[in-house]
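Right, one structure below, let's go through it.
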Amino acid sequence: MHQPVLMYGCPVSVSGVPAPPPFVRLVGDPLRWRLLHELAGSDLRVRELVEAVEQPQNLVSYHLAKLRAAHLVTARRSSFSGRDTYYHLDLARCAEQWAHAGAELHPGLRPGAIPPVVLSPRRAYGRVLFLCTGNSGRSPMAEALLRHRTAGTVDVASAGSHPKSLHPNAVRVMAEYGIGLEHEPTHVATLQHQRFRWVISLCDRVREDCPDFPGHPGTTHWSLPDPNQEGDTDDATLPAYRGTAAELDRRIGFFLHRLAAGEGDPP
């Protein structure tokens, strides 16, 4: 009886043809691929995924469980409604697993660092608006990070549904990125008649309260918890602010690919 052998870390059949790596088999399922496609654009709830893929909830939940077991999708309880859960696709892990799958196909396709996106200063990318409840932490940090990452190429703003003073930890954490954060909290109502190419909500509450904007901008939701909930003092919440900034920086890195590809551009 023939024992299986390995080729580039992948099991090989008796015929010498390597079996597809687990990641490829996992995402090769048509329904799981559709779920990944939906989550690549926005964090979503189960009922929204059910509506998008037009499949029963129990089937969608089954495949989400498979994706969570592979650590491609994570779940986070909604900060707006405890009955809801938002699902998030870990794009960085997807990229890593995809690269490893490529290396198993051929050693010349080894994983490498994702090259940074450089946006052309001669192209108009439209305006981007980040929203959270207080406009005191998450959204001004996102605004500052996107402006910093694009060297001012992208016109970016932030606002909140219940604005309050800029949190000192937002300033402290942005200083760690080499960014001097100065921001005057803005109510979203003062901007709702302006045109944006993208509107990105950063908390579950503001997503429910988000007004309509003219011109049908592209919308996406990043379900990030409020870092202020992690403690009673500035020192206690500082790690949460650092974690929020790191997650924003990762997501913005992938969002730049969408901008460069022209997603959200008017037809």
Checklist entry - Do the conditions hold for residue 221, that is, is it touching a Ser or Thr at 6+ places or on another chain (Cβ under 6 Å) and surrounded by 17 or more Cβ atoms within 10 Å (Cβ to Cβ)? => result yes
Item to check | Among (1) under 27 Å from residue 258 (Cα atoms); (2) open to solvent by 20 Å² or more (accessible area, probe 1.4 Å), the one test that residue 82 misses | outcome: (1)
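Identify all residues within the stretch 37-79 that are among the charged types (D, E, K, R), closer than 20 Å to residue 252 by Cα and open to solvent by less than 40 Å² (accessible area, probe 1.4 Å); write none if there are none.
Residues of the stretch 37-79 among the charged types (D, E, K, R): 38, 43, 45, 47-48, 51, 54, 66, 68, 76-77.
With closer than 20 Å to residue 252 by Cα added as a condition, the list becomes 38, 43, 76.
Once the filter is applied, which keeps residues that are among the charged types (D, E, K, R), closer than 20 Å to residue 252 by Cα and open to solvent by less than 40 Å² (accessible area, probe 1.4 Å), the stretch 37-79 yields only 43.
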Checklist entry - Scanning for something open to solvent by 80 Å² or more (accessible area, probe 1.4 Å), farther than 25 Å from residue 258 by Cβ and in contact with a Ser or Thr (Cβ under 6 Å, 6 or more places away or on another chain), does the stretch 173-182 turn up at least one residue? => result no
Next on the checklist: Let me confirm something: among 124, 92, which residue is over 17 Å from the mean Cα position of the chain (by Cα), open to solvent by less than 90 Å² (accessible area, probe 1.4 Å), under 30 Å from residue 155 (Cβ atoms) and not β-branched (Val, Ile, Thr)?
Outcome noted: 124
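Having 2 or more residues that are closer than 18 Å to residue 246 by Cα is the bar; report the helices (runs of 4 or more DSSP H) wholly within the stretch 45-162 that clear it. Lay out the reasoning, then the answer.
Values: elements: 46-53, 57-69, 91-105, 138-149.
Per the criteria, 91-105, 138-149.
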Checklist entry - Which one of these does residue 201 not meet: (1) among the small types (Gly, Ala, Ser); (2) more than 21 Å from residue 245 (Cβ to Cβ); (3) surrounded by 13 or more Cβ atoms within 10 Å (Cβ to Cβ)? => result (2)
Next on the checklist: Checking the conditions here, which among 70, 144 is without any contact (Cβ under 8 Å) to a residue 40 or more places away in the chain and in contact with a Leu (Cβ under 6 Å, 6 or more places away or on another chain)?
Outcome noted: 144
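The values are calculated or read from the model by the stated rules, or taken from the named source; none is laboratory data. Note that this is a predicted model, so its numbers are computed, not measured. Don't worry about glycine lacking a Cβ; one is built from the backbone with ideal geometry, like all the others, and counts go over all protein chains shown. Areas reflect the complete protein model, heavy atoms only, side chains present, ligands, DNA and RNA absent. Shrake-Rupley method; radii C 1.70, N 1.55, O 1.52, S 1.80 Å.
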